[in-house]
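Okay, so here's the structure we're looking at.
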Amino acid sequence: WMPYFQVADCDATAARAGKLGAKRKHKLHASSAVFGHYNGAKRHNGCAEGNITIYWFAHGWIWFIPLKDGTTSVGAVCWPYYLNGRDKPLKDFFADTIAMAPKLAARLEGAQLVDDRVWATGNYSYAASHCCGERYAMLGDAYTFIDPVFSSGVYLAMNSAFAAVGMVNATLDGHSAEASAARKRFEKVMAKGPKDFSWFIFRMTNPVMRQLLLHPKNPLR
């Protein structure tokens, strides 16, 4: 909270856009996800211990994210048809999904699910219809969440925070003309960042993008 001005991020997340009636699902990104946290997952050695690993499988991709408390977040992002077609308990379904990525399965051999729980979610990608208004600005996840694949959320949150500073200062100082110009700059930044990331994210499960990343070439030297 700031005097006469509210800046929302992180814990406010989607609830902020939802409370304002501004939350909009991404029509082009209908991915679903099933995920859990593990104790005892095998990490890389040394300074690479905290590195995030991405695995591809037949119906999407899987993240492996080592967390500071010793647990590891593992989740599969998949097309809705795959998750909707499950015919067994979610925990068993998740185990079968992990088995489709043998190298991941090897890293989870002997690991245990925290609280023996697995979660699933539908289309989690959203954006707000606007990013600011009278005495408030939505930053990071409060404004938009696209996908975890490039860990873009942290960057977008920090970038939007820096972009909002001029607007906040001008508003608090009572400089209306300067605040209006700063608001237009802020809105431009907020529209550009998610749009640029989205181009790649929407294509992550596309076979063409897979081949491009797995078999890079440099024909032009």
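The values are calculated or read from the model by the stated rules, or taken from the named source; none is laboratory data. A quick note: this is a predicted structure, and the numbers were derived from the prediction, not measured. For neighbour counting, all protein chains shown are included, and Cβ atoms are generated from backbone atoms with ideal geometry for every residue, glycine included. With ligands, DNA and RNA removed, areas are computed over all heavy atoms of the protein, side chains included. Shrake-Rupley method; radii C 1.70, N 1.55, O 1.52, S 1.80 Å.
Think of it as helices only: each DSSP H run of n ≥ 4 in the chain is worth -39500 (n - 2.57), and spread over all residues that comes to -11500 deg cm²/dmol at 222 nm.
Excluding ligands, DNA and RNA, the accessible surface per residue across segment 94-135 is 53 Å² with a 1.4 Å probe. So which GluC sites (Glu not before Pro) in segment 119-221 end up in coil per DSSP with only 14 or fewer other C-beta atoms within 10 Å? Within segment 119-221, the qualifying GluC sites (Glu not before Pro) (loop, at most 14 other Cβ atoms within 10 Å) are 134.
For every other residue with a beta carbon closer than 15 angstrom to the beta carbon of residue 196, add +1 if it is Lys or Arg and -1 if Asp or Glu, then tell me the sum. Result for the local shell: +3. Helix 152-172 and the longest principal axis of the C-alpha atoms of the chain enclose an angle of approximately 10°.
Ligands, DNA and RNA left out, the 1.4 Å accessible surface of the chain is 58% carbon and sulfur atoms. For segment 91-211, the pair-distance distribution built from all alpha carbon pairs, in bins 5 Å wide starting at 0, is 2, 9, 15, 14, 13, 12, 10, 8, 6, 5, 3, 2, 0 percent.
Distance check, please: which entries in 23/188; 19/188; 19/195; 23/88; 68/195; 195/217 exceed 28 angstrom between their Cα atoms? Where the Cα-Cα span goes over 28 Å, the pairs concerned are 23/88; 68/195.
Amide H contacts of residue 26: 125, 126, 127, each under 5 Å away and 5 or more positions distant or on a separate chain (H built 1.01 Å from N in the peptide plane; Pro and chain starts excluded). For the chain, the residue among 119, 216, 108 whose Cα projects farthest onto the positive side of the dipole built from Cβ charges is 216. What the Cβ-Cβ distance of residue 39 and residue 106 gives, at R0 = 22 Å and to the nearest 0.05, is a FRET efficiency of 0.85. Pairing the Cα long axis of helix 90-99 with the longest principal axis of the chain, what angle in degrees results, from 0 to 90 and rounded to the nearest 10? Result, in degrees: 70.
With the convex hull of its Cα atoms as the shape, segment 24-82 has an orientation-averaged projected area of 5.4 nm². With each label modelled as a point 7 angstrom along the Cα→C-beta vector, the residue 208-residue 129 pair spans 3.3 nm.
For the chain, a Gaussian network of Cα nodes joined below 10 Å ranks 194, 80, 89 by mean-square fluctuation, and the top entry is 89.
Considering only Cα atoms, the convex hull volume of segment 100-159 works out to 153 Å³ per residue.
Label sites at residue 88 and residue 68, each approximated as a point 7 angstrom past Cα along Cα to Cβ, lie 3.7 nm apart.
With the convex hull drawn around the C-alpha atoms of the chain, the volume per residue stands at 176 Å³. In a reduced charge model with +1 at each Lys and Arg Cβ and -1 at each Asp and Glu Cβ, the chain shows a dipole moment near 720 debye about its Cα centre. Counting Lys and Arg as +1 and Asp and Glu as -1, what is the net charge of the other residues whose Cβ lies under 12 Å from the Cβ of residue 62? Net of charged neighbours comes to +2.
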